[in-house]
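First the structure, in the form of structure tokens, and then the observations on it.
The values are calculated or read from the model by the stated rules, or taken from the named source; none is laboratory data. No experiment lies behind these values; they were computed from the predicted model shown. Don't worry about glycine lacking a Cβ; one is built from the backbone with ideal geometry, like all the others, and counts go over all protein chains shown. Surface accessibility is based on the protein's heavy atoms, side chains included, excluding ligands, DNA and RNA. Shrake-Rupley method; radii C 1.70, N 1.55, O 1.52, S 1.80 Å.
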Amino acid sequence: MAGSGAAAAEGSGGLAVLGPVSGAPCCPHGPALLFVKTSQGKEEERRFYACSACRDRKDCNFFQWEDEKVSEARLAAREEYNRSHQPSFTHRQNVERFKNFLLLPLPKRRFCQECQQLLLPAEWEKHLDHQFVCDISNAQLKSPSQLLCPLLNKKTNAQYLFTDRSCQFLLDLIIDLGFRRVLSVGTPRLHEMIQSKASQEDFRVRSLLLDIDFRYSQFYTEDEFCHYNMFNHYFFGGEAAHEICRKFLYEDNGEKVIMVTDPPFGGLVEALASSFKKLMAMWKETEKEGHNNQEMPTFWIFPYFFEARILEFFPSFSMMDYQVDYDNHALYKHGKTGRRQSPVRIFTNLTPSMIVLPVEEGYRFCAICQRYVSSGNQHCEMCNACTSKDGRRWKHCILCKKCVKPSWFHCNNCNCCALQNHTCEKTDAGCFVCGKAGHKRSTCPSLSRSRTTCQADKKQRQKTLNRVKMRICNRSAMKHAIFSRKKVKNKKKKT
Ligand code: SAH
Ligand code: ZN
Ligand code: ZN
Ligand code: ZN
Ligand code: ZN
């Protein structure tokens, strides 16, 4: 039996998500997604359901064959399991607790680091042998992302927080573009920056946070935070929470609202896209008149090597050169030697020329491309575009008829550009997919273009993720044992 479906999906590359389907069985994270395994030659195997949110079976091991008969007894047990795996306090209860917490004098304000929970004095006893922080100030309560330890179990819930600089840039951009409401989907730090400025007189932007991290319900009311799963568009708070989101989008006839999302990078693009389309559709329902053919303005923050995948689902999007950086990503921080390159970009359906990037960070406007580009990005006469994706200056290859990374050279064997020390794809061994000689699976003509791109994307992504994983500061990751679960190897790995 395959492991957690999504986990297998990440591992093998031979899995496709068929998306959220009606009547899907539920795990504690809402309706499961339908997956199908594709393997050499054979079209597809049995389809199965697996958890939408967790790509590590340690976090959620839900699994069910699509055609599997599930007994009444097992269904009942499953329901009971799902119920018992919900948070111990409801959002409503947490809001009440927060009100009481605010009434406490500083010395009585404790935050349990082990349980990641604000404690009321009556609860102290239960947490006596836990580590806690005292004297929680109002300022600290306004920046929960600093108080909470980032969840870094990479496969499920990688939380990478924006640096102040990137967060401020995003907010300034949003304000300059005239937006008044931000649907923050998996962007708690942006949400908190907006919330903390809400008391300023001339500040008129509001935000609604949708995130799967329920710890945030301790700090925000039901109008400010919805417990939400962006892989299956599931509102844990049911119809009431759904309605709060709808109302938020509804205000001002749906005008001046933007969705900003920064999903975990290991995420399944098709599942994310399907949820974002549903949020966009929700917004569209709210339109009274006017902008009928428009899409809800969106910033999707994601690594540049997902460009093809994102554009597949959102042809109206384009990728901006701005490099988004993160606090707990050692790799993406700017050190003494200057700024490190971050692979993370903004994808948007707004007109690129409207996205003004900071000149003081080296971005400049390309009049031909009508967009801001990074300093190293040279306009290529032959491509008629500023072609760099990673910020470095790319070079044009006449044989490939396109620009390629500066470290690449044209290989006559492979008939394309590649790293100098690459292993040529053209070998005597037959292709893994079709069995013919002369090419390998990644360039197999029998695979659709998108599949091939997808696999290339995956390889590239895995490389970068591995690099990132190695360098992430373990400091916060390892401190709290409960949030750093050990990885369990996939039982069934493709060989
Ligand atoms: N850079 C952002 C945080 C991005 S990290 C910021 O600084 O605000 C990814 C975020 O997505 C986290 O907040 C995480 O809790 C959330 N997330 C992860 N999986 C999710 C899911 N299935 N549904 C909704 N949110 C999820
Ligand atoms: Zn689950
Ligand atoms: Zn250009
Ligand atoms: Zn070129
Ligand atoms: Zn070439």
Which listed residue is at pLDDT 70 or above, in contact with a helix residue (DSSP H, G or I) (Cβ under 9 Å, 6 or more places away or on another chain), open to solvent by less than 20 Å² (accessible area, probe 1.4 Å) and within 16 Å of ligand 1 (Cβ to nearest atom), from Cys51, Cys26: Cys51
Selected residue (only one of Gln86, Gln64 is under 30 Å from Leu141 (Cβ atoms) and either in a strand (DSSP E or B) or open to solvent by 50 Å² or more (accessible area, probe 1.4 Å) (or both)): Gln86
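Okay, residues lined up against (1) in the same structural domain as Asn253 (by TED's automatic domain parsing); (2) surrounded by 15 or more Cβ atoms within 10 Å (Cβ to Cβ); (3) assigned to a loop (DSSP other than H, G, I, E, B); (4) at pLDDT below 95:
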| site | (1), (2), (3), (4) |
| --- | --- |
| Phe302 | yes, yes, no, no |
| Glu307 | yes, yes, no, no |
| Pro315 | yes, no, yes, no |
| Tyr322 | yes, yes, yes, no |
| Leu331 | yes, yes, no, yes |
| Leu350 | yes, yes, yes, no |
Failed item, numbered, when Glu425 is tested on (1) at pLDDT below 95; (2) surrounded by 14 or more Cβ atoms within 10 Å (Cβ to Cβ); (3) within 24 Å of Ser342 (Cβ to Cβ): (3)
Neighbours by Cβ (under 8 Å, 6+ apart or cross-chain): first from segment 395-416, polar (S, T, N, Q); second within 9 Å of ligand 4 (Cβ to nearest atom) and in a loop (DSSP other than H, G, I, E, B): none
Complete set of residues in segment 230-264 that are touching a helix residue (DSSP H, G or I) at 6+ places or on another chain (Cβ under 7 Å) and of a type in the set (Lys, Arg): Arg246
Criterion: in contact with a strand residue (DSSP E or B) (Cβ under 6 Å, 6 or more places away or on another chain) and either part of a helix (DSSP H, G or I) or among the hydroxyl-bearing types (Ser, Thr, Tyr) (or both) - qualifying residue of Phe111, Phe101, Phe35, Phe48: Phe101
Selection within segment 368-392 - charged (D, E, K, R) and buried (at least 17 other Cβ atoms within 10 Å of the Cβ): Arg371, Lys389, Asp390
Unmet requirement for Gln117, which otherwise passes all of (1) open to solvent by 50 Å² or more (accessible area, probe 1.4 Å); (2) more than 16 Å from ligand 1 (Cβ to nearest atom); (3) in contact with a helix residue (DSSP H, G or I) (Cβ under 8 Å, 6 or more places away or on another chain): (1)
First in segment 239-257 and among the basic types (Lys, Arg), second anywhere and surrounded by fewer than 16 Cβ atoms within 10 Å (Cβ to Cβ), Cβ under 8 Å, 6 or more apart: Arg246/Glu285; Lys256/Gly178; Lys256/Arg180
Which listed residue, of Cys403, Cys417, is part of a strand (DSSP E or B), under 20 Å from Pro303 (Cα atoms) and either within 16 Å of ligand 4 (Cβ to nearest atom) or touching a helix residue (DSSP H, G or I) at 6+ places or on another chain (Cβ under 8 Å) (or both): Cys403
Tally, over segment 104-114, of residues that are closer than 19 Å to Tyr216 by Cα and surrounded by fewer than 17 Cβ atoms within 10 Å (Cβ to Cβ): 1
Residues of segment 340-392 classified as away from ligand 3 (no atom under 13 Å from the Cβ) and of a type in the set (A, V, I, L, M, F, W, C), total: 9
